[in-house]
Amino acid sequence: MMRSLYSGVTGLKNHQTKMDVIGNNIANVNTVGFKASRVVFQDIYSQTVAPASAGNGTTGGTNPMQVGLGVQLATIDVLNTPASSQYTGNPLDLAIDGDGYFVIKNGSVYTYTRAGNFYTDSAHYLVDSNGNYVMGYETNPDGTLVYKKPVLDAEGNPMMDNGETVMEPCDPDDPDATLVLTKIKVDPKYYDVSINVNGQVVGLDEETSQTTVIGQIVLAQFANPNGLEKVGENAYQTTVNSGAATYTTPGAGGSGKLNPGSLEMSNVDLTAQFADMITTQRGFQANSRVITTTDEMLEELVNMVR
């Protein structure tokens with residue numbers, strides 16, 4: 001009888017967790033780039049009352065008899081399903097049409113986001129709504145990417161500056177050539193600045209009126225996007241189970257292209273959330289009733305002793 005009491009307690013506890021997740025989903029129904037979460041339950045191990053037995057010449061076999069001991073969380077998943085894009089007309093608003101995350105530098109740490117509401121700060125760098133830098137690649141005016149290699153000292157060791165390796169431009173065919181993430185600066189000498197579907201930041205030179213590529217926005221991809229950890233501010237960070245970030249330009253390497261002038265909305269489905277809320281509430285009530293009924297049975301047992 002006490003087993004039903006403890007099973008009811010686990011049911012109450014885990015249905016409360018599920019309601020917490022549902023509440024957070026509904027609260028973020030209008031959060032740009034938000035991905036809803038779901039709760040999956042699994043049973044706790046069962047107590048074996050009698051084991052299975054094999055048949056013999058006179059009788060058949062018997063199945064095991066087990067009593068379950070309640071419920072526990074299996075996982076809380078992030079649902080990386082696509083969401084609709086809302087057109088804003090702002091040239092610095094971006095939505096990703098497919099896989100990938102924008103790369104954000106928060107201090108010395110890289111985080112990743114689907115929210116593409118970007119701005120320029122007082123120093124003309126492209127930043128998110130929290131003032132963190134949007135990262136990309138340096139480009140030549142024609143849009144080709146600038147490859148770099150480490151600068152070596154007299155002994156052939158890479159030179160360092162404030163803990164970072166000093167890099168210099170080089171030929172893409174150089175064996176040490178690599179693409180380096182950098183902040184994107186929208187120089188004020190360019191006007192009519194916009195971002196195309198391939199992530200190129202394009203502007204017109206006020207002196208020559210020539211179209212110039214100012215920078216290249218980069219997207220990050222992961223072997224296991226569900227392994228990313230939410231850190232607030234619409235951002236994620238890598239974990240040991242997400243895999244390291246692989247950087248590509250939009251539309252390349254399996255990443256999605258960009259929808260300029262649009263924002264990706266939340267993928268929260270209110271209809272599904274309200275349905276889950278009803279079943280979760282009923283599950284909570286049913287488990288509460290298990291506890292009260294078990295209590296009544298224990299009370300009857302105590303009264304019998306009297």
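Computed from the coordinates by the stated procedures, all read-outs in this text should not be read as laboratory data. Note that the structure is predicted; figures quoted are calculated from it, not measured. Quick reminder, even Gly has a Cβ in these numbers, built from the backbone with ideal geometry, and neighbours come from all protein chains shown.
Karplus-based coupling profile of segment 4-13, in residue order and whole Hz: 5, 5, 5, 5, x, 5, 5, x, 4, 4, with θ = phi - 60° in 6.51 cos²θ - 1.76 cosθ + 1.60 and x standing for Gly or Pro.
For the chain, the longest principal axis of the C-alpha atoms and the axis of helix 270-305 are separated by about 30°.
Along segment 107-121 the Karplus relation, 6.51 cos²θ - 1.76 cosθ + 1.60 evaluated at θ = phi - 60°, assigns HN-Hα couplings of x, 9, 10, 8, 10, 9, 8, 9, 7, x, 7, 10, 9, 10, 8 Hz to successive residues, with x for each Gly and Pro. Model label sites at N24 and K183, defined 7 Å from Cα along the beta-carbon direction, differ in position by 3.2 nm. GNM on the chain, alpha-carbon springs under 10 angstrom: the most fluctuating residue among Q221, Q47, Q86 is Q47. Remark: the S84-E299 segment gains 71.8 nm on full extension, using 0.36 nm per residue and subtracting the alpha carbon distance.
Listed options for semi-axes √(5λ) of the Cα gyration tensor in Å are [x] 56, 24, 17; [y] 32, 22, 17; [z] 31, 30, 21. The value calculated from this structure is the one marked [x]. Close amide H partners of V146, meaning residues 5 or more places away or on another chain with modelled amide H under 5 Å apart, are E138, T139, N140.
Put simply, the convex hull of the Cα atoms in segment 1-136 casts, on average, a shadow of 15.0 nm². Both radii were evaluated on the Cα set of segment 152-215; the Rg over Rh quotient, with Rh as the Kirkwood radius, amounts to 1.12.
Think of it as helices only: each DSSP H run of n ≥ 4 in the chain is worth -39500 (n - 2.57), and spread over all residues that comes to -7500 deg cm²/dmol at 222 nm. Extending 7 Å from the Cα toward the beta-carbon at both V197 and Q72 defines two label points whose distance is 4.9 nm.
Reducing segment 146-200 and segment 1-27 to their Cα centroids gives an inter-centroid distance of 51 Å.
Under conditions of 25 °C and 0.890 mPa s, segment 100-224 yields 154 µm² s⁻¹ as its translational diffusion coefficient, taking Rh as the Kirkwood radius over Cα pairs in the Stokes-Einstein equation. The label-point distance for S108 and N226, in a model that sets each label 7 Å from Cα toward Cβ, rounds to 3.4 nm.
Under 22 Å of direct C-alpha separation, and excluding same-chain neighbours fewer than eight residues apart, K18 reaches these lysines: K35, K230. For segment 162-306, the direction-averaged projected area of the alpha-carbon convex hull comes to 18.1 nm².
Just how large is the dipole of the chain about the Cα centre, in debye to the nearest 20, putting +1 at every Lys and Arg Cβ and -1 at every Asp and Glu Cβ? Write down the numbers at each step before the final one.
Details: 17 positive and 33 negative charges, 350 e Å.
Here the size comes out at about 1680 debye.
Put simply, the amide H of N117, placed in the peptide plane, has neighbours under 5 Å in L94, leaving out anything fewer than 5 places away on its chain. Which one of P175, P225, P260 has the biggest mean-square fluctuation once the chain is modelled by GNM with Cα springs under 10 Å? Per the Cα network of the chain with a 10 Å cutoff, P175 tops the list. Averaging the Cα positions of each part gives two centres, and for segment 65-82 and segment 223-275 these lie 23 Å apart.
Pairwise Cα distances in segment 1-78 exceed 18 Å in 59 percent of cases. Summarising the amide proton neighbourhood of G199: residues at separation of 5 or more, or on other chains, whose placed amide H is nearer than 5 Å comprise L258. Karplus-derived 3J(HN,Hα) values for segment 60-67, using 6.51 cos²θ - 1.76 cosθ + 1.60 with θ = phi - 60°, are x, x, 10, 7, x, 10, 9, 10 Hz; glycine and proline are entered as x. For segment 195-265, the average shadow cast by the Cα convex hull is 6.2 nm², which is a quarter of the hull's surface.
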